[in-house]
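In what follows, a single structure is set out as structure tokens and then discussed.
The values are calculated or read from the model by the stated rules, or taken from the named source; none is laboratory data. Everything numeric here is computed off the predicted structure, so don't read it as measured data. Neighbour counts are summed over all protein chains in view; Cβ atoms, including those assigned to glycine, are modelled from backbone coordinates with ideal geometry.
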Amino acid sequence: MTQASSSTAAVALRIEVFTIFPVAVEGYADVSILRRARDAGLLDLRVHDLRQGADDPHRSVDDAPFGGGAGMVLAPVPLFAAVERVAAGASGLARPLFLLGPSGRPFDQRVAEELAARPDGFSLLCGRYEGVDQRVADHLVDGELSVGDYVLAGGELAALAVVEAVTRLVPGVLGNEASAGDESFSAGLLEYPQYTRPATFRGWDVPEVLRSGDHGRIARWRRAQSLARTLRRRPDLVEARGGLAPDEEELLVEEGEVELLRQHGYHW
Ligand code: ADE
């Protein structure tokens, strides 16, 4: 029996995506983990075409900006119409509805956890072109999300990043329940390095400790690797969790990372 079917009537996480490229979103959601989650009844992903909200023969969704300037702006009329049409349908709209765009709240693992825990799911509206009419942000959506400090041509990739990061947190979606808790960001740290066979590849050996069979030593080594890697690559993450605890500093000393500790202001 799978983990999904052994738990009592798992309810699918509902996510609605509004986009002018439904084929692109559906295409990605048709493979790998999203496909499996949908097949297992754990993800109820509904993709809506924003052009459904346009009533002119060209189904246009954009227009020139008031005040001039380059590019086109997604217009309020078709966007409100597309969303309200779904909201008025038999199963309504999963709220909150988030607009995807570079000015949104930074999407990170914590936000993914919050969204995965929403009992009624949520919806995503993909921005496009040079922007979205401000009245959509002010009066249609409940919030805005950004997947990083860079500008994509549209919100589709961002929406898929959100859908995938959230879906893999839904109980039963990952084959091994332990794996979501053990990875990067789950404890505010980056993940330790992983290895598989062969034990020696082109002269590069897998660390001896991982082949020792000593689970206590392996756990300590992994923790130390995780801490050292985070301190080295993302000191901001270590800062955000209030620095290193005394036993974490000691672990890093044991692993020969005194210099790293000193570089980051720890007194050893
Ligand atoms: N659309 C364009 N750029 C984006 C970003 N960084 N995050 C979310 N949506 C976007």
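Being over 14 Å from V17 (Cβ atoms) and modelled with pLDDT of 95 or more is a property that E164 lacks. The set of residues in region 119-141 being touching a Lys or Arg at 6+ places or on another chain (Cβ under 9 Å) and more than 16 Å from the ligand (Cβ to nearest atom) consists of D120, G121.
For R95, state whether it is touching a strand residue (DSSP E or B) at 6+ places or on another chain (Cβ under 8 Å) and within 16 Å of the ligand (Cβ to nearest atom).
Against the criterion (touching a strand residue (DSSP E or B) at 6+ places or on another chain (Cβ under 8 Å) and within 16 Å of the ligand (Cβ to nearest atom)), R95 does not qualify.
Of all residues in region 63-97, those satisfying the criterion of being in contact with a Pro (Cβ under 9 Å, 6 or more places away or on another chain) and in a loop (DSSP other than H, G, I, E, B) are G71, M72. Of all the residues in region 128-153, those that are at pLDDT 95 or above, under 20 Å from D63 (Cα atoms) and not hydrophobic (A, V, I, L, M, F, W, C) number 5. Scanning region 6-26 for any residue that is modelled with pLDDT of 95 or more, touching a helix residue (DSSP H, G or I) at 6+ places or on another chain (Cβ under 8 Å), part of a helix (DSSP H, G or I) and surrounded by 14 or more Cβ atoms within 10 Å (Cβ to Cβ) turns up at least one such residue. Only residues that are within 14 Å of the ligand (Cβ to nearest atom) and buried (at least 19 other Cβ atoms within 10 Å of the Cβ): list them for region 155-177, please. Of everything in region 155-177, those that are within 14 Å of the ligand (Cβ to nearest atom) and buried (at least 19 other Cβ atoms within 10 Å of the Cβ) turn out to be G155, E156, A158, A159, L160, V162, V163, A165.
For the criterion of being in the same structural domain as D142 (by TED's automatic domain parsing), at pLDDT 95 or above and of a type outside the set (D, E, K, R), H58 fails. Residue pairs whose Cβ atoms lie under 8 Å apart, sitting 6 or more positions apart in sequence or on different chains, and linking a residue in region 190-204 that is among the β-branched types (V, I, T) to a partner that is modelled with pLDDT of 95 or more, are T200/V206.
Is it true that some residue in region 50-62 is in a helix (DSSP H, G or I), crowded, with 17+ Cβ neighbours inside 10 Å and within 20 Å of the chain's Cα centre (by Cα)? No.
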